[in-house]
Amino acid sequence: MGNVMKPYRMICWTLVFILGFTGCYKLVYKPQDMKNVRRQLHIPNDIRLVSFDSNPKEAGFFGREGLRISALFQFDDKQLSNYLNIIEDRATWQPVSFISYSPSRADEYSSNALRWFDLPIPSWANKQFKYWDHIQEVSKVKHGKYYGSVITAKQGERIDHSDGGYHYKWTYICMSFSEVTDQFNSVITTFAVLDMDLKKLYALTAFSG
């Protein structure tokens with residue numbers, strides 16, 4: 001009888017293990033990811049979230065390496081008008097830290113790093129973000145604006161240790177898509193396209209790893 005029960009126990013523990021990860025995503029990671037998107041793009045809480053997904057849904061040894069957050073928001077006429085005012089308000093677009101991620105923000109920001117631009121998006125973006133589930137829709141938007149910021153790491157001075165070892169100081173710099181090419185190495189990328197005709201906002205946040 002004991003040998004018969006072992007497979008069932010293994011199945012039960014496997015289910016507990018899987019459900020534990022699922023619960024952690026729904027209770028912790030998903031709300032955190034949603035908040036990061038809204039914070040970075042200054043999206044008011046009353047803007048309806050149509051679709052959302054983020055992966056990986058569980059943390060590995062080094063956290064959630066390679067995290068991708070994808071979201072689609074829907075505005076009504078008044079909300080779109082209000083958001084366009086937010087977009088044009090340069091005082092609003094100041095550095096905002098990412099929740100539970102290192103680095104939480106850049107050390108330096110270019111003058112264009114946190115700006116919105118008129119479409120079209122840079123020619124390299126379609127290839128760079130071909131994995132994004134909304135890229136086909138985004139590529140067809142003709143009337144709208146886009147936001148693209150990239151945080152990259154720059155190697156700084158060498159720091160010598162008393163034991164003979166050393167390490168390099170790294171500086172994190174944030175720039176806009178207009179200032180980089182498809183050859184950039186991104187630590188954090190934030191990309192959004194506002195469709196003025198359909199009143200939709202497509203958003204993607206991608207972390208290195």
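Only the coordinates and a few stated rules stand behind these numbers; no lab work does. These figures come from a predicted structure and were not determined experimentally. No Cβ is skipped: glycine too gets one built from the backbone with ideal geometry, and neighbour counts run over all protein chains shown.
May I ask you to derive the FRET efficiency for E179 and L27 from their Cβ-Cβ distance with R0 = 35 Å, giving the value to the nearest 0.05? Here the calculated transfer efficiency is 0.35. Shape class of the stretch 100-209 from the Cα gyration tensor (axes a ≥ b ≥ c, square roots of the eigenvalues): prolate, since a/c reaches 1.5 or more and a/b is larger than b/c. Of the three principal axes defined by the Cα atoms of the chain, the extents in descending order read 70, 57, 30 Å.
Of the complete DSSP H runs in the chain, those spanning 27 angstrom or more by Cα along the long axis with a mean Kyte-Doolittle score not below 0.0 are 2-24. Site pair R39 and S208 shows an inter-label distance of 2.1 nm when each label is modelled 7 Å from Cα along Cα→Cβ. Can you compute the modelled spin-label distance between R105 and D76, with each label point 7 Å from Cα toward Cβ, in nm? Rounded to a tenth, the inter-label distance reads 3.3 nm. Summarising the amide proton neighbourhood of R105: residues at separation of 5 or more, or on other chains, whose placed amide H is nearer than 5 Å comprise F98. Taking every alpha-carbon pair under 8 Å whose residues sit at least 6 apart, the stretch 2-207 reaches a relative contact order of 21 percent.
Taken about its Cα centre, the chain carries a charge dipole of about 620 debye when Lys and Arg each add +1 at the Cβ and Asp and Glu each add -1 at the Cβ. In the structure shown, the pairs K142/K200; K35/K199; K35/K78; K57/K199; K78/K200; K26/K57 are assessed against 18 Å; a Cα-Cα span above that value is assigned to K35/K199; K35/K78; K57/K199. Looking at the chain, the DSSP beta bridges with both ends there are about 95 percent antiparallel. Label sites at K57 and H167, each approximated as a point 7 angstrom past Cα along Cα to Cβ, lie 3.5 nm apart. For a quick check, take a GNM of the chain with Cα springs below 10 Å and name the residue from A113, A125, A71 with the largest mean-square fluctuation. Maximum among the listed residues: A125.
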